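The values are calculated or read from the model by the stated rules, or taken from the named source; none is laboratory data. Values in this document were obtained by computation on a predicted structure and should not be read as measured data. Using ideal geometry, Cβ is built from the backbone for each residue, glycine included, and neighbour counts are taken over all protein chains shown.
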Amino acid sequence: MTSMPLYAQLINLCAAVILLLAFAMLAQRRVVQLVDLFALQGFMLFLATLVMAFKTGQHHLFYSAGLTLVLKVILLPWILHRLVRQLHIKGEVEPLINIPTTMLIGLVLVVIAFNVAMPISQLSSTIARGTLGIALAVVMLAFLMMITRRKAITQVVGFLAMENGLFLAATSATYGMPMVVELGIALDVLVGMIILGVFFFQIRDQFDSLDIHHMEQLKER
Amino acid sequence: MDFFILTLAIPLCAGILLSFAGERAWAPHINVLASTATFLSAAGLTAEIVAAGPRFAFGELFFIDSMNVFFVALTAFVGMTTAIFSDPYMKNDRSHGKLTPGRLRLYKSMFQLFMCTMLVALTTNNLGILWVAMEAATLTTVLLVSLYRTPASLEAAWKYFILCGVGIAQALFGTILLYFAAERVLGETGTALLWTHLVDVKGSLDPTIMSLAFIFLLVGYGTKVGLAPMHNWLPDAHAEGPTPVSAVLSGLLLNVALYAILRCKVLADGALPGGFAGDLMMGFGLFTLLAAAFFLSRQKDIKRMFAYSSIEHMGIITFAFGMGGAVANFAGLLHMTMHSLVKSAIFFAVGHAAQKCGTQNMEDIRGLLKINPLIGWGLMLGTLAILGMPPFGVFASEFMILTHAMKFHPWATPLLLLGLGVAFAAIFAKVQPMVFGESEAKRLPHAPAITPVFVHLGLALMMGLWIPPYLTRWFHEAARMLG
């Protein structure tokens, strides 16, 4: 097998770090560090997109790299940190399932994700086709994080991490979506985050806590 | 004047204007006026499309054909009647102290923006923008569901946001896969997400990718349609939000999400000749119908019960489109129209009834005929209509779906009948004592708006007895496009 060109190695490295960070987020108990990990994941995403942009010379990839940097590395973590401070969320995030078990489930999910993505990545002609499996794995790990955590804010970080995975999928399989779509998605994420910020204060005023186990009244009896 | 631009611009401008208007005396009139104007321009657009055929707008960014113009007209119409209904309803809520002026302003502004996002979702030609608009539709309604700020409404809104957010993230992955499949055929020209381009090459899209993409799209948008087992958010959001919001969520948003699935199904059918997409939709549809039907009898909250009824009907419609073919598609489109009209009429009646009795608990709502005969009859006739009683249009569409199923998928017929029968028994047994019987309810400060209820039911009745020929032609054309 011939050795991979440098840029492909770089992109694969970034993708691997993103996957690693997804696991780190799954294992992280503290909210503040969780937000930092999310910002770091966004930064790796930015690097991967940037490498791809330099290699292919596609203009819109530069724009989407810039968008990632502004939105996911600076703006969203800043909003999240502000929320954490203003709402006095501190200390431990109690997971519903203990962390080693969560990690094991995560491993299984990664294997599944790679199997699902295999036939598709073989069809891909982009330089980063190996990363599609990683992208799907990141989406599934984020999903797992949303299921196993109790605090409303960790669910939101999980949701945003899922969006990171989707972004990675879009860049790795197709060199990114058309610009107008990407802008629309970014706008939705940002507006969603602002609405959630408003919403957190409503929840806290009502329940005196951001623990979602208070919100289990509505179910079929 | 371009009717298309007006249709999108009026709700957008009204939404922005209303966010500044606040508590001015003319603010409620703006809401009704803007919705009426939107409907009029949508009607103008419809006449234009019927006369001149499909057209593009803003380059190829928007595409209006006989299928989506029909949804545009329906959406604008129900939007208008809901605005008329909500005026006295929200005023009553305000005088009961359930709402503050600020929240009332939020409601009016978000209602208009919600209409705008749905109209964009319906008319866009770009499947990526369709996704963006669907997500925006969720965002505009999250704060409406939690408008009363009660613990239950906050929980419902949180569930709505998270479940629909996760669902729609699946749809985004599906869209990415679709784009990936299309790019291999259409090249990197930026047209690979435009539906009109995709439909030309649908036969050469890669089947492996398309099957995976369609699963993600169906599960993703299906969450918003309320397909079981992803339906959990729906009853909560409908029961805890203000009634006008329940009416538009049930009557319109579910339709728009289903429309997104239909657009994708046309592409999947082209790429996968084996009928994979249809089978998947039939399976989900039947399961949804049965699950919802059996949950119906356990409900205590009146809005929750009718929310489950919406899930049930979405199941029937998904099943109909899953069968495919001209007759089933026609029936599916007719059923979607009927469900929108009748269900929003029911929610209007239910809203007034719950307001009069001061509760949504069905055991405490009694003797609606004595309180206000119009509300009582509105609820009774609406219930009969939604349960598929003969003179109404729901009967016609359900009959077509059943006979078509008997002919081509006989195994499904007993399941369909079981679902419909269980739903009938559950709903009728609960509505009957609410309408008849004794009551001791008080007068409300603002007289309820009953006209929308009877306009909707009248239309449903007319469609059951006689569908105007231009409407039939229009349905046929849309059904043909669905394949």
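So for region B:223-236 (the condition being of a type in the set (Val, Ile, Thr), more than 7 Å from chain A (Cβ to nearest Cβ) and touching a strand residue (DSSP E or B) at 6+ places or on another chain (Cβ under 9 Å)), does at least one residue qualify?
No, because not a single residue in region B:223-236 is of a type in the set (Val, Ile, Thr), more than 7 Å from chain A (Cβ to nearest Cβ) and touching a strand residue (DSSP E or B) at 6+ places or on another chain (Cβ under 9 Å).
Within region A:142-160, does at least one residue satisfy the condition of being more than 8 Å from chain B (Cβ to nearest Cβ), closer than 27 Å to B:Ala192 by Cα and assigned to a helix (DSSP H, G or I)?
yes
Out of all the residues in region A:176-192, which are outside any helix (DSSP H, G or I) and either surrounded by 22 or more Cβ atoms within 10 Å (Cβ to Cβ) or among the aliphatic types (A, V, I, L, M) (or both)?
Of everything in region A:176-192, those that are outside any helix (DSSP H, G or I) and either surrounded by 22 or more Cβ atoms within 10 Å (Cβ to Cβ) or among the aliphatic types (A, V, I, L, M) (or both) turn out to be A:Gly176, A:Met177.
Quick one: count up the residues across region B:222-237 that are among the aliphatic types (A, V, I, L, M) and closer than 13 Å to B:Phe295 by Cβ.
2
Does region B:143-160 contain any residue that is closer than 22 Å to A:Ser172 by Cβ and either modelled with pLDDT of 90 or more or surrounded by fewer than 24 Cβ atoms within 10 Å (Cβ to Cβ) (or both)?
Scanning region B:143-160 turns up no residue that is closer than 22 Å to A:Ser172 by Cβ and either modelled with pLDDT of 90 or more or surrounded by fewer than 24 Cβ atoms within 10 Å (Cβ to Cβ) (or both).
One line per residue, one yes/no per condition, for (1) modelled with pLDDT under 80; (2) under 17 Å from the mean Cα position of the chain (by Cα):
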| position | (1), (2) |
| --- | --- |
| A:Gly91 | yes, no |
| A:Asn98 | no, no |
| A:Thr101 | no, no |
| A:Ser124 | yes, no |
| A:Glu182 | no, yes |
| A:Leu187 | no, yes |
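Hey, can you tell me all the residues within region B:226-261 that are over 18 Å from B:Ala307 (Cα atoms) and crowded, with 24+ Cβ neighbours inside 10 Å?
Answer for region B:226-261, where residues must be over 18 Å from B:Ala307 (Cα atoms) and crowded, with 24+ Cβ neighbours inside 10 Å: B:Ala260, B:Ile261.
Name, by its number, the condition in (1) surrounded by 22 or more Cβ atoms within 10 Å (Cβ to Cβ); (2) under 30 Å from B:Ala328 (Cβ atoms); (3) modelled with pLDDT of 90 or more that does not hold for B:Ala460.
Result: B:Ala460 fails condition (3) only.
Please verify whether A:Val111 is within 7 Å of chain B (Cβ to nearest Cβ) and in a helix (DSSP H, G or I), treating the condition exactly as stated.
no
Might you check whether a residue that is of a type in the set (Phe, Trp, Tyr) and under 23 Å from B:Gly274 (Cβ atoms) occurs anywhere in region B:183-201?
Yes, region B:183-201 has at least one match.
Looking at A:Val73, A:Val139 in this structure, which one is within 12 Å of the chain's Cα centre (by Cα), more than 14 Å from every other protein chain (Cβ to nearest Cβ) and without any contact (Cβ under 8 Å) to a residue 40 or more places away in the chain?
Among A:Val73, A:Val139, only A:Val73 is within 12 Å of the chain's Cα centre (by Cα), more than 14 Å from every other protein chain (Cβ to nearest Cβ) and without any contact (Cβ under 8 Å) to a residue 40 or more places away in the chain.
Please report, ordered by residue number, the helices (runs of 4 or more DSSP H) entirely within region B:393-483 with at least 2 residues that are closer than 30 Å to B:Asn372 by Cβ.
Of the helices (runs of 4 or more DSSP H) lying wholly inside region B:393-483, those with at least 2 residues that are closer than 30 Å to B:Asn372 by Cβ span B:393-408, B:412-435, B:451-465.
Look at B:Thr223 and say whether it is within 14 Å of the chain's Cα centre (by Cα), in contact (Cβ under 8 Å) with a residue 24 or more places away in the chain, buried (at least 24 other Cβ atoms within 10 Å of the Cβ) and closer than 26 Å to A:Ala135 by Cα.
yes
Out of (1) crowded, with 22+ Cβ neighbours inside 10 Å; (2) more than 18 Å from the chain's Cα centre (by Cα); (3) closer than 26 Å to B:Ala354 by Cβ; (4) more than 10 Å from chain A (Cβ to nearest Cβ), what's the single condition that is false for B:Gly97?
(1)
When you check B:Thr124 against the structure, is it hydroxyl-bearing (Ser, Thr, Tyr) and either touching a residue at least 60 places away in the same chain (Cβ under 8 Å) or in contact with a Leu (Cβ under 9 Å, 6 or more places away or on another chain) (or both), yes or no?
Answer is yes for this residue.
What are the residues in region A:200-213 that are more than 7 Å from chain B (Cβ to nearest Cβ), at pLDDT 70 or above and in a helix (DSSP H, G or I), if any?
Of everything in region A:200-213, those that are more than 7 Å from chain B (Cβ to nearest Cβ), at pLDDT 70 or above and in a helix (DSSP H, G or I) turn out to be A:Phe200, A:Phe201, A:Arg204, A:Asp205.
Any chance region B:257-276 includes a residue that's closer than 22 Å to B:Phe347 by Cα, at pLDDT below 95 and within 14 Å of another protein chain (Cβ to nearest Cβ)?
No, there is no match, as no residue in region B:257-276 is closer than 22 Å to B:Phe347 by Cα, at pLDDT below 95 and within 14 Å of another protein chain (Cβ to nearest Cβ).
Check off (1) assigned to a loop (DSSP other than H, G, I, E, B); (2) over 30 Å from A:Val116 (Cβ atoms); (3) more than 7 Å from chain B (Cβ to nearest Cβ) for A:Leu218 and give me the number that stays unchecked.
(3)
Against the condition without any contact (Cβ under 8 Å) to a residue 24 or more places away in the chain, small (Gly, Ala, Ser) and not in a helix (DSSP H, G or I), how does B:Ala9 come out, does it pass?
No: the conditions fail for B:Ala9.
So which of A:Ile79, A:Ile105 is modelled with pLDDT of 85 or more and in contact with a Gly (Cβ under 7 Å, 6 or more places away or on another chain)?
Going through A:Ile79, A:Ile105 in turn, the sole match is A:Ile79.
Give all pairs with beta carbons closer than 7 Å in which a residue from region B:181-207 that is in contact (Cβ under 8 Å) with a residue 12 or more places away in the chain meets a residue that is in a loop (DSSP other than H, G, I, E, B) and acidic (Asp, Glu); count only pairs at least 6 apart in sequence or on separate chains.
B:Ala181/B:Asp206; B:Arg184/B:Asp206; B:Leu194/B:Glu60; B:Thr196/B:Glu60
Among the residues of region B:188-216, which ones are buried (at least 19 other Cβ atoms within 10 Å of the Cβ), away from chain A (no Cβ under 11 Å) and outside any helix (DSSP H, G or I)?
Passing the criteria: only B:Leu205.
Search region B:42-63 for residues that are of a type in the set (Gly, Ala, Ser) and pair each with any residue that is loosely packed, with under 14 Cβ neighbours inside 10 Å when their beta-carbon atoms are under 8 Å apart and the residues are at least 6 apart or on different chains.
Pairs that qualify, where the first residue is of a type in the set (Gly, Ala, Ser) and the partner is loosely packed, with under 14 Cβ neighbours inside 10 Å, are B:Ala57/B:Asp2.
Within region A:21-32, track down each residue that is in a helix (DSSP H, G or I), surrounded by fewer than 17 Cβ atoms within 10 Å (Cβ to Cβ) and modelled with pLDDT under 90.
A:Ala27, A:Val32, listed by residue number.
Inside region B:313-389, counting only helices (runs of 4 or more DSSP H) that do not spill past its ends, which hold 1 or more residues that are out of contact with any helix residue (DSSP H, G or I) (no Cβ under 6 Å at 6 or more places or on another chain) and free of Cβ contacts under 8 Å to residues at least 60 places away in the same chain?
Ranges flagged: B:373-386.
From B:Tyr89, B:Tyr107, grab the single residue that is touching a Gly at 6+ places or on another chain (Cβ under 7 Å), closer than 20 Å to B:Phe347 by Cβ, in contact (Cβ under 8 Å) with a residue 40 or more places away in the chain and more than 10 Å from chain A (Cβ to nearest Cβ).
Of the residues listed, the single one that is touching a Gly at 6+ places or on another chain (Cβ under 7 Å), closer than 20 Å to B:Phe347 by Cβ, in contact (Cβ under 8 Å) with a residue 40 or more places away in the chain and more than 10 Å from chain A (Cβ to nearest Cβ) is B:Tyr89.
Between a first residue in region B:144-157 that is more than 7 Å from chain A (Cβ to nearest Cβ) and a second residue that is buried (at least 16 other Cβ atoms within 10 Å of the Cβ) and acidic (Asp, Glu), which pairs have beta carbons less than 6 Å apart while being 6 or more apart in sequence or on different chains?
B:Ser153/B:Glu240
Looking at this structure, is A:Ala169 surrounded by 22 or more Cβ atoms within 10 Å (Cβ to Cβ), more than 10 Å from chain B (Cβ to nearest Cβ), modelled with pLDDT of 80 or more and part of a helix (DSSP H, G or I)?
no
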